[in-house]
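To start, the structure under review is shown below, and the notes come after it.
FYI, it's all coordinate maths here, none of it is from the lab. Owing to the predicted nature of the structure, the values given are computational and were not obtained by experimental measurement. Cβ atoms come from the backbone with ideal geometry, glycine included; neighbour counts cover every protein chain shown.
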């Protein structure tokens, strides 16, 4: 089996068989990560450029580790000190880099559609590592892979995404992916941070966090993305935590055995309390490990099928 596209731009339109294929491949690479020597020669001779126009810690390191574990040659691009600072366009930057005979581009950009744009002007395979408030497909894939690893399935599970849904690319990719895999998807947050007409995507909307906890198997908690907000969406961080923060007391009050996830970075005691983030119900560090395996799977499948 092969993926239908030579790019990974988003999860919208990706079918269930493709997602399962990525999961099966990632499971094999998880075994590689448990070995004393965590490296395979699968992409030896391939050159991958990490084209990050936005700050990133987890995603960038995770991709770079995945690339090096597959023995690819890795080039990291930084906007600071580059020709972009001198006014060069994304198209010219990317085409000049591709002229150096690269094979794949991993891009993170503040503009929705940046990854799609590159797929139309470059011959290289493009992987979207987050484009504005649009999609972040590998994050959603690793989230779903972690859920499946925990429960043995995704079909029929109740998964609620909590927090800043309006500005989140993680939320949209998770909604598309989880719906494809048969999960019952809900979101929860302040009315000002829930996009209009979101229910048209087939998700349930909660404005009461206690109701969301009582009706969920998994909470995927998102941070408040202040850097993407052009106005004030709630009175204060303290008030947000009071009404929507995931705390141990709130979980115990609702008497629910619930799994907690978070794509990071965590704002402790804002969207999630420290004791929940570090507690036995948290799969946050497992998500980080699975992120490397899932990205290895995506890189391998795109890097070897063409």
Rg/Rh of segment 51-169 (Cα atoms, Kirkwood Rh), to two decimals, equals 1.02
Give the angle, between 0 and 90 degrees and rounded to the nearest 10, that separates the Cα long axis of helix 284-304 from the longest principal axis of the Cα atoms of the chain.
30 degrees
Residue 158 paired with residue 305, simple spin-label distance in nm, labels 7 Å along Cα-to-beta-carbon:
3.5 nm
Modelled label-to-label distance, residue 35 and residue 89, 7 Å Cα→beta-carbon offset: nm?
4.5 nm
Which of 163, 182, 132 fluctuates most in a GNM of the chain (C-alpha springs under 10 Å)? That residue is 182
How far is helix 137-151 tilted, in degrees, relative to the longest principal axis of the Cα atoms in the chain, given as a value from 0 to 90 rounded to the nearest 10?
50 degrees
Binned at 20 Å from 0, what are the whole-percent values of the Cα-Cα distance distribution for the chain, short to long?
34, 57, 9
Counting other beta carbons within 10 Å of each Cβ, put 244, 117, 63 in order, fewest first.
117, 244, 63
With viscosity set to 1.567 mPa s at 4 °C, what whole-number translational diffusion coefficient in µm²/s follows for segment 9-50 from Stokes-Einstein and a Kirkwood radius over Cα pairs?
102 µm²/s
Do you know the relative contact order of the chain, to the nearest whole percent, from alpha carbon pairs under 8 angstrom that are 6+ apart?
21 percent
So for 304, 59, 180, fewest C-beta neighbours within 10 Å to most, what's the order?
304, 180, 59
Could you quote the convex hull projected area for segment 2-76, Cα atoms only and averaged over all directions, in nm²?
6.1 nm²
Order of 280, 168, 110, 56 - criterion: other Cβ atoms within 10 Å of each residue's Cβ, fewest first
280, 110, 56, 168
Two pseudo-spin positions, 7 Å from Cα along C-beta at residue 257 and at residue 20, lie apart in nanometres by 2.7 nm
Comparing 68, 120, 295, which has the greatest mean-square fluctuation in the GNM of the chain with Cα pairs linked when under 10 Å apart?
120
Under a GNM of the chain (C-alpha, springs under 10 Å), which listed residue has the highest mean-square fluctuation: 241, 109, 134?
241
Please work out, to two decimal places, the log10 of the ratio I(q)/I(0) at q = 0.14, 0.20 Å⁻¹ from a Debye calculation in which every Cα of segment 137-287 carries one identical scatterer.
-0.60, -1.34
Per-residue ellipticity at 222 nm for the chain, helices alone: DSSP H runs ≥ 4 residues times -39500 (n - 2.57), over residue total, nearest 500 deg cm²/dmol?
-11500 deg cm²/dmol
